[in-house]
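Questions regarding the structure given below will be posed in turn.
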Amino acid sequence: MDTHQADVLTLWREKFGTLSPRWRLPFDSNALELSPLTGPVVEAIALSAEQAKKIRSFTGITSSLTIDIRLFGQAFRFHLVGRKIDRLMWGGTGSPSINSEAVATDLARGLSFAETVLSEVNSLVVILSRNGQIQRFNRLAEEYAGLKEADVIGRNAWELFMSPDEGSASRQNIDGFFQTGEAYEVERVVKTVKGPRLFLFRNKFVRTGDREEETFLICSGIDITEARRAHERLAELATTDSLTGLRNRNYLMERLQTIISDPQNVDRLAILFIDLDNFKRINDSLGHRDGDQLLKMAALRLSNIVGDEHNLVRIGGDEFVIVIHGDAAHIQAEELAKRVTEDFELAYVLRANSYRMRASIGIAVHTDRGACEFDLLTQADLATYAAKDIGKGKDISASCVYTKELSERAERGLEFYQALQYGFLRKEFDLEYTECRRCDGLQSGIQASVRWNRADGSVMGGREFLSTVESTGFSIQLGEFQLFEACKQCAEWLDNGQEISHVTIEIPSAQLQDGDLAGCLAECLRVNDLKPGMLRLLAPPRLDQAPSHVLDKLSDLRATGVKIFATVSNEAPFPNVGVMPIDGLRIARDLVGRLPSDRVAKATIRGLVGVCMELGIDVLADGVDDGEQFAWLSELGNIEVTGKFASSAPAAKHRA
């Protein structure tokens, strides 16, 4: 080093206290600020726009640059080592190029910083050549591999850490991306000391020279094994029914959408919609804990029938769906439906008690290219309702295949629903009253029945009308109308001096199950100043199988003085009279109509009347229309009858 260079270096030490001062370049100025390693700025050097641009090209990775500057009235070649510090500033250390030791120190400091970052960054970093040979291997990579960097440099990453299939896929990817030089992301399973782990690699190419072999791939990976497992677990939970472990409605919709989206699957997809008809009644009587256990048992049985070939889904409550995908799907669907109905003939045993459930099954086949998953479910639902009609009152499981006629029937049902709405608004309902008489000819009371005088001139009434209304959701409203109007008419008759011992009214199932029957009755009696003993309520069939809360409701009503009659019919001819809180038994019109020629009907009614006489409860035979029926019933005792043999009461009807 000559004397001039020594003097320059002395001047640098005097100004900055070091041969490697700190430099800063702000984003809004081209003045390079120089300062001691600690302390304020001592000098500011004006840079050309090109020089400032080159410095601002530094990223967060330590880089170096040599520029020509003038300082202390002299020209220097200034070597900078640094990086982008933050959004507004670039900085590092610099040295005059005449001092090779200082320049080397700056480079060493920068390289040391870069090495520290590479080693300690919380990502697995591996640098590979084009043929997969490892060039660098950071600390986290060492921990996962259980190997030191010195042991893997130059070895092939695919052979060391990947299965043959994963290695082959990775090799093909890298060959392709080396040709384009584009950064990319990829997931790879890597063999580690913790076992196979899934990594997400973000890969980028860097060049250290102009030759092809001086291009390397920086693989920066993070372990996503646990995150992926958690994601898959959440996805599993989102499509799984927590009670039964079956797939749920979310899965069903995705599955159907996937199959239907392929036009080739027309006529190759069918579904069975299964509704457990009497589960709600059993569940209400057992309690939800045992009810859930019963649902699990039903799900297990269905799973055994379906097997692994098809999908079984619980879509909620007591409803299940079976998805059948493949050739001859409609034939397989009908065969499965038959197996399900046969299986439900077997009782379920829970806590030493047996329970017999019934299933209504609707079958729908994907035959329309323009249909979606909702259309298919709607068709299956309509078929299920048709199956309910088949099994209704027969206590059997049944299945039905969807046809267009079911959609037409549903449209007619909607029209009926709308007409019923207007019927209430237009006050088209009235009550018709008939006498209840004993077989000795004495009048025992009045029976009220609702009639619908439709705008088109037709009249609907009777048991069939009430059953139809039950399906519309208006039965509670209709039941309350009957009670208010019957009590009002009864009060008018009493005010006019007519003797009325009681009025008999049939209450809809929904009003008994879900309505505020006690509240409605209390209000009717209060407003019309009637005693509870004036009312006799006819409960629907199968009262002995009603949930406990329904029986409790009837017991409370009886305690006030209201009389309760159970109903027996062709559908339910043998009730367990002993478990029902009743004051009498009504023999329905369909059973009475078989008299006196039908031996089974005669034996049934004779036995029922005998039990009632023994228990001291009343009997009402509904629909006694001819003398032979009346004569035969008279032989059983002085029971009550209604029908053509009972004359019309005063004020035969009362319009709403």
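Helix-only mean residue ellipticity at 222 nm, the chain, DSSP H runs n ≥ 4 weighted -39,500 (n - 2.57), per residue, nearest 500. What is it?
-13000 deg cm²/dmol
Tell me, what is the FRET efficiency for Lys644 and Phe465 to the nearest 0.05, using R0 = 22 angstrom and their Cβ-Cβ distance as r?
Values: r = 19 Å, r/R0 = 0.88.
Efficiency, from the Cβ-Cβ distance: 0.70.
On to the next question. With point charges of +1 on the Cβ of Lys and Arg and -1 on the Cβ of Asp and Glu, referenced to the Cα centre of the chain, which listed residue (Leu272, Ser555, Ala141) lies farthest in the positive direction of the dipole?
The residue sitting most towards the positive pole is Ala141.
Express the accessible area of segment 281-394 per residue in Å², computed with a 1.4 Å probe while the remaining protein chains stay in the model.
In whole numbers, segment 281-394 has 48 Å² accessible per residue.
List the relative contact order of segment 211-321 as a percent without decimals, with contacts defined as Cα pairs under 8 Å and 6+ residues apart.
32
Separate question: In whole percent, and with a 1.4 Å probe on the protein chains, what portion of the accessible area of segment 264-306 is carbon and sulfur?
Result for segment 264-306: 45 percent of the exposed heavy-atom area is carbon or sulfur.
Also, quick follow-up: Based on the alpha carbon coordinates of segment 410-450, what radius of gyration and maximum Cα-Cα distance (Dmax) apply, in Å?
16.9, 49
Run the dipole for the chain about the Cα centre, Lys and Arg Cβ at +1, Asp and Glu Cβ at -1, nothing else charged, and hand back the magnitude in debye, nearest 20.
1440
Could I ask something else about it? Highest mean first, how do 20-26, 254-260 rank when packing is the count of other Cβ atoms within 10 Å averaged over residues?
The packing order, highest mean first, is 20-26, 254-260.
Too long at a 21 Å Cα-Cα cut-off: which of Lys531/Lys553; Lys553/Lys602; Lys563/Lys602? Numbers along the way, then the final one.
Details: Lys531/Lys553 19 Å; Lys553/Lys602 33 Å; Lys563/Lys602 26 Å.
Flagged as over cut-off: Lys553/Lys602; Lys563/Lys602.
May I ask for the percentage of alpha-carbon pairs in segment 413-549 that lie more than 18 Å from each other?
58
Let me know the number of lysine pairs in segment 319-437 closer than 24 Å at the Cα, not counting same-chain pairs under 8 apart. Don't jump to the answer; show the numbers that get you there.
Working: Lys338/Lys388; Lys338/Lys392; Lys338/Lys394; Lys338/Lys404; Lys388/Lys404; Lys392/Lys404.
Counting lysine pairs in segment 319-437 gives 6.
Further, regarding this structure: For the chain, build the charge dipole from Cβ charges (+1 Lys, Arg; -1 Asp, Glu) around the Cα centre, then report which of Leu37, Leu25, Gly132 sits farthest towards its positive end.
Sorting the options by dipole projection puts first Leu37.
Can you give the accessible area per residue of segment 539-618, in Å², using a 1.4 Å probe?
Averaged over the residues of segment 539-618, the accessible area is 44 Å².
In a Debye calculation with equal point scatterers on the alpha-carbon sites of segment 562-638 and no solvent, what is log10 I(q)/I(0) at q = 0.11, 0.14, 0.16 Å⁻¹?
-0.24, -0.40, -0.52
Right, next: For the Cα atoms of the chain, what angle does the longest principal axis make with the long axis of helix 373-391, in degrees from 0 to 90, nearest 10?
Tilt of helix 373-391: around 20 degrees.
Further question: Run the numbers for Ala559 and Glu335: contour at 0.36 nm per residue of separation, minus the present Cα-Cα distance, in nm.
75.5 nm
Report the normalised scattering of segment 325-447 as log10 I(q)/I(0) at q = 0.10, 0.18, 0.20 Å⁻¹, calculated by the Debye formula with identical scatterers on the alpha carbons.
The calculated log intensity ratios at q = 0.10, 0.18, 0.20 Å⁻¹ are -0.57, -0.99, -1.09.
So what is the relative contact order of segment 2-79, in percent, for Cα pairs below 8 Å that sit 6 or more residues apart? Please report the intermediate quantities before stating the final value.
Working: 83 pairs, mean separation 13.2, N = 78.
Over segment 2-79, the number comes to 17 percent.
I'd like the distance separating the alpha-carbon centroids of segment 490-508 and segment 362-418, in whole Å.
Spelled out, the Cα-based centre of one part sits 43 Å from the other.
In whole Å, how far is the Cα centre of segment 446-483 from that of segment 290-336?
Value for the Cα centre distance between the two parts: 38 Å.
Debye calculation, C-alpha points only, no solvent: report log10 I(q)/I(0) for segment 243-356 at q = 0.12, 0.13, 0.22 Å⁻¹, in the same order as the q values.
Taking Cα atoms of segment 243-356 as identical point scatterers yields -0.46, -0.53, -1.26.
Still on this structure, I have one more. For Lys148, which lysines qualify as cross-link partners when the Cα separation must be under 19 Å and same-chain residues fewer than eight apart are set aside?
Lys191, Lys194
Let me ask another. Can you run phi through the Karplus equation (6.51, -1.76, 1.60; θ = phi - 60°) for segment 145-158 and list ³J(HN,Hα) in whole Hz, with x for Gly and Pro?
Values per residue, Gly and Pro as x: 7, x, 10, 8, 4, 4, 7, 10, 4, x, 8, 7, 5, 5 Hz.
When all C-alpha to C-alpha distances in the chain are sorted into bins of 10 Å, what percent of pairs does each bin hold, rounded to whole numbers?
Over the chain, the share of Cα pairs per 10 Å bin runs 3, 11, 14, 13, 11, 8, 6, 7, 8, 7, 5, 3, 2, 0, 0 percent.
Using every Cα-Cα pair within segment 315-356, state what percent have a distance larger than 18 Å.
Beyond 18 Å sits 48 percent of the P(r) for segment 315-356.
Leaving out ligands and nucleic acids, and using a 1.4 Å probe, what accessible area per residue does segment 1-97 come to in Å²?
53
Can you give me the angle between helix 288-306 and the longest principal axis of the chain, using Cα atoms only, in degrees from 0 to 90, rounded to the nearest 10?
80
Another question, if that's okay. If contacts are Cα pairs under 8 angstrom and at least 6 residues apart, what is the relative contact order of the chain in percent?
7
Something else: Net charge around Arg247, counting only other residues with Cβ within less than 11 Å of its Cβ (Lys, Arg = +1; Asp, Glu = -1)?
Taking every other residue near Arg247 into account, the sum is 0.
Quote the charge dipole size of segment 467-568 about the Cα centre in Debye, to the nearest 20; the model charges only the Cβ of Lys and Arg (+1) and of Asp and Glu (-1).
260
Can you tell me which aspartates and glutamates have their Cα less than 19 Å from the Cα of Lys53? Leave out same-chain residues fewer than eight positions away.
Result set, ordered by chain and number: Asp28, Glu33, Asp68, Asp86.
From the P(r) of segment 397-476, can you give the percent of Cα pairs sitting at distances over 14 Å? Before the final figure, lay out the partial values.
Values: 2290 of 3160 pairs.
The share of Cα pairs beyond 14 Å in segment 397-476 comes to 72 percent.
In terms of Cα to Cα distance under 27 Å, which lysines are near enough to Lys54, apart from those fewer than 8 places away along the same chain?
Output for Lys54: Lys15, Lys84, Lys204.
The values are calculated or read from the model by the stated rules, or taken from the named source; none is laboratory data. Bear in mind that the values here come from a model prediction, so they are computed numbers and not experimental data. For neighbour counting, all protein chains shown are included, and Cβ atoms are generated from backbone atoms with ideal geometry for every residue, glycine included. Ligands, DNA and RNA are excluded from the accessible area calculation, which covers all protein heavy atoms including side chains. Shrake-Rupley method; radii C 1.70, N 1.55, O 1.52, S 1.80 Å.
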